[in-house]
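Here the structure comes first, spelled out in structure tokens, and everything after it is commentary.
The values are calculated or read from the model by the stated rules, or taken from the named source; none is laboratory data. Worth saying up front: this structure is predicted, and the values here are computed from it rather than measured. Counting neighbours? That spans all protein chains shown, and the Cβs are built from the backbone with ideal geometry, glycine included.
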Amino acid sequence: MNPDISKIASLLSDHTRSLILLSLMDGTIHPASELAYIAKVKPQTASFHLHKMLDARLVSVEKHGRHRYYKLVNRETAEIIEQLLNISPSTSASSFKEHKEKEAIHFARTCYDHLAGYVGVQITNSLVQQGFLNKADLNYEVTIEGSFFFKEFGIDEEKLKNKRRAYARCCLDWSERQHHIAGALGNALLEKMFALEWFLRIPRSRAIKITPKGRLGLEKLFSIHF
């Protein structure tokens, strides 16, 4: 028999569960209390929904003392959610706060473990325009010049290629409608920029903030101006 996709569809159709899943798209673990706050429900309600998603293996849980921390079960689940966002209708902001949050999400955000939004697409386009990446179908190929660039930037390509995952994948950005770089290389780029303090995570949001140091770095390496 074929798998029953109606069970997953039913889970995703609930507004509270969709908010929780979207908040977990930042690739980090969250306590149940924080997920309840983000979804604007009581902790007991959030726990009810999280239990359903645990049973469906959409999320996993870590127990630390009396507290439980949740995350998406794997990258593949995050990729499916991101693809659903590409065919989902956009929503309008109902308040100034929601408008600012929407702007921040569109500008720069995490797509599970790599960079997305306007900034993510601009960095990817710059890497292609500078001849560091070539687009081949739905993947990116690193050129000889690109290998030198990533080495100078402190990214070990050989180590990345030994990982059991896609190396440099094209990921369709739902807000920009263009591709940004995902896979092991996309993750390494984001982690390096966090280490350089170019980006800072925004609490309770997928959006990330660009620091003054980051603005200078993005302008110097990628010719991105703000």
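Can you name the residue in the range 152-176 that is over 17 Å from GLU141 (Cβ atoms) and either outside any loop (DSSP other than H, G, I, E, B) or touching a residue at least 40 places away in the same chain (Cβ under 8 Å) (or both) and is also farthest from the chain's Cα centre (by Cα) among such residues?
GLU152
Looking at (1) surrounded by fewer than 18 Cβ atoms within 10 Å (Cβ to Cβ); (2) at pLDDT 95 or above; (3) in contact with a Ser or Thr (Cβ under 8 Å, 6 or more places away or on another chain), which is the only condition ALA116 fails?
(1)
This table checks each residue for (1) in contact with a Phe, Trp or Tyr (Cβ under 7 Å, 6 or more places away or on another chain); (2) among the aliphatic types (A, V, I, L, M); (3) over 19 Å from GLU82 (Cβ atoms).
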residue	(1), (2), (3)
HIS106	yes, no, no
ARG109	no, no, no
VAL121	no, yes, no
VAL128	no, yes, yes
LYS135	no, no, no
TYR140	no, no, no
GLY146	yes, no, yes
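Considering only the range 114-134, state which residues are touching an Asp or Glu at 6+ places or on another chain (Cβ under 8 Å) and either outside any strand (DSSP E or B) or without any contact (Cβ under 8 Å) to a residue 60 or more places away in the chain (or both). Give the steps one after another, and end with the answer.
Of the range 114-134, the ones touching an Asp or Glu at 6+ places or on another chain (Cβ under 8 Å) are 116-118, 120-121, 130-134.
Those that are touching an Asp or Glu at 6+ places or on another chain (Cβ under 8 Å) and either outside any strand (DSSP E or B) or without any contact (Cβ under 8 Å) to a residue 60 or more places away in the chain (or both): GLY117, TYR118, GLY120, VAL121, GLN130, GLY131, PHE132, LEU133, ASN134.
With respect to ALA9, determine if the residue is closer than 18 Å to GLU76 by Cα, assigned to a helix (DSSP H, G or I) and more than 17 Å from the chain's Cα centre (by Cα). Give the derivation first.
Details: closer than 18 Å to GLU76 by Cα: yes; assigned to a helix (DSSP H, G or I): yes; more than 17 Å from the chain's Cα centre (by Cα): yes.
Spelling it out, ALA9 is indeed closer than 18 Å to GLU76 by Cα, assigned to a helix (DSSP H, G or I) and more than 17 Å from the chain's Cα centre (by Cα).
Among residues belonging to the range 16-32 that are crowded, with 19+ Cβ neighbours inside 10 Å, within 16 Å of GLY117 (Cα to Cα) and not hydrophobic (A, V, I, L, M, F, W, C), point out the one that is nearest to the chain's Cα centre (by Cα).
ASP26
For the range 61-87, enumerate the residues that are surrounded by 11 or more Cβ atoms within 10 Å (Cβ to Cβ) and of a type in the set (Gly, Ala, Ser).
Within the range 61-87, just ALA78 meets the criteria.
How about the range 178-210: which of its residues are in contact (Cβ under 8 Å) with a residue 24 or more places away in the chain and in a loop (DSSP other than H, G, I, E, B)?
GLN178, ILE202, ARG204, SER205, ARG206
So if I check each of THR77, THR28, which one is in a loop (DSSP other than H, G, I, E, B) and under 23 Å from GLU191 (Cα atoms)?
Working: THR77 fails: in a loop (DSSP other than H, G, I, E, B).
It is THR28.
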